[in-house]
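Visitor: Here's a structure for you.
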Amino acid sequence: AQSVAQPEDQVNVAEGNPLTVKCTYSVSGNPYLFWYVQYPNRGLQFLLKYITGDNLVKGSYGFEAEFNKSQTSFHLKKPSALVSDSALYFCAVRVAGYNFNKFYFGSGTKLNVKP
Amino acid sequence: DAGITQSPRYKITETGRQVTLMCHQTWSHSYMFWYRQDLGHGLRLIYYSAAADITDKGEVPDGYVVSRSKTENFPLTLESATRSQTSVYFCASISRGSTDTQYFGPGTRLTVL
């Protein structure tokens, strides 16, 4: 079965420090990987995606993620956290070649950035 | 305004009642989705639609019905609401031929008493 795991329910980091939000996946086939962010009482907003090519993907608001095929991971990173980055982050995967209903989301990680 | 909208944003209903959640998008995207968001589960797909009059079940379809007579609208109906359907519901869409980026609506918070 296809699945996505976000092992940390919450990540706490001080403003200005680097942040990492972890994501691992398990799929049979080539993965398309995504990160979304959700602010309170809002829908999910797209941050970045990996489809093919360079393993390091850069996205919105200074975020980046690295696709690691051997470790089946797609961790979200940012060199210097801002208080405004505090939100709920979701990793998602779709398997290449499958129908569009085959999106799988992680359970989400709450990022707290403290001043 | 262009985009994807959901109505109502908040709804309280009673067990056994029928409830319809509306989703409207102005992009003419082919694919539309309904998810529910529950603590500890992330987002789970309820139904999706590839085009008008084409729908298919997702991971958790029981107790829900969808229709799509027009490309821009994708209503979700709870035929007889249960307390377990208390959740936040999100609608999303993707343009045909895109590289899979989903655009989400603001969500509907449904409480079933």
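Visitor: I need the peptides A:55-67, B:20-32 ranked by packing, meaning the mean over residues of other C-beta atoms within 10 angstrom, with the highest value on top.
Guide: Descending mean neighbour count gives B:20-32, A:55-67.
Visitor: Per residue of B:51-61, count partner chain C-beta atoms within 10 Å of its C-beta, then hand back the mean as an integer. Mind showing how you got there, number by number?
Guide: Values: counts 0, 0, 0, 0, 1, 3, 1, 3, 4, 0, 0.
Shielding by partners across B:51-61 averages 1.
Visitor: Under a Cβ-Cβ cut-off of 15 Å, what is the net charge of the residues other than residue A:26 that fall near it, where Lys and Arg count +1 and Asp and Glu count -1?
Guide: So the surrounding residues net to +4.
Visitor: Turning to a different aspect of this structure: Across the residues of B:42-48, average count of Cβ atoms on other protein chains within 10 Å?
Guide: On the way: counts 11, 11, 2, 6, 0, 1, 5.
Average per residue, whole number: 5.
Visitor: Name the residues whose placed amide hydrogens come within less than 5 Å of the amide hydrogen of residue A:107, ignoring near sequence neighbours (fewer than 5 apart) on the same chain.
Guide: A:6
Visitor: Within 10 Å, count the other beta carbons around each residue, average over each peptide in B:38-48, B:73-83, and list them highest first.
Guide: B:38-48, B:73-83
Visitor: Taking chain A as a Gaussian network, Cα atoms linked when under 10 Å apart, which of A:84, A:70, A:26 shows the biggest mean-square fluctuation?
Guide: A:70
Visitor: Additional query: Quick one: net charge of residue B:59's neighbours, Cβ under 15 Å, K/R +1, D/E -1?
Guide: +2
Visitor: I need the per residue convex hull volume for the range A:3-114, using only the alpha carbons, in cubic angstrom as a whole number. Please report the intermediate quantities before stating the final value.
Guide: Working: hull volume 10.8 nm³, N = 112.
Spread over its residues, the Cα hull of the range A:3-114 gives 97 Å³ apiece.
Visitor: Another question about this same structure. Roughly how large, in nm² to one decimal, is the mean projection of the convex hull of the alpha-carbon atoms in chain B?
Guide: Working: hull surface 26.7 nm².
Taking a quarter of the hull surface, the average projection is 6.7 nm².
Visitor: Within the set of other residues whose C-beta is less than 11 Å from the C-beta of residue B:90, count the net charge using Lys and Arg as +1 and Asp and Glu as -1.
Guide: +4
Visitor: Averaged over peptide A:31-43, how many Cβ atoms belonging to another chain are found within 10 Å of each residue's Cβ?
Guide: Per residue, the average neighbour count from other chains is 3.
Taken together, the values in this text are just the output of simple stated rules run on the coordinates, not laboratory data. None of the values given here were measured: they were computed from a predicted structure. FYI the Cβ positions are ideal-geometry reconstructions off the backbone, even for glycines, and counts take in every protein chain you see.
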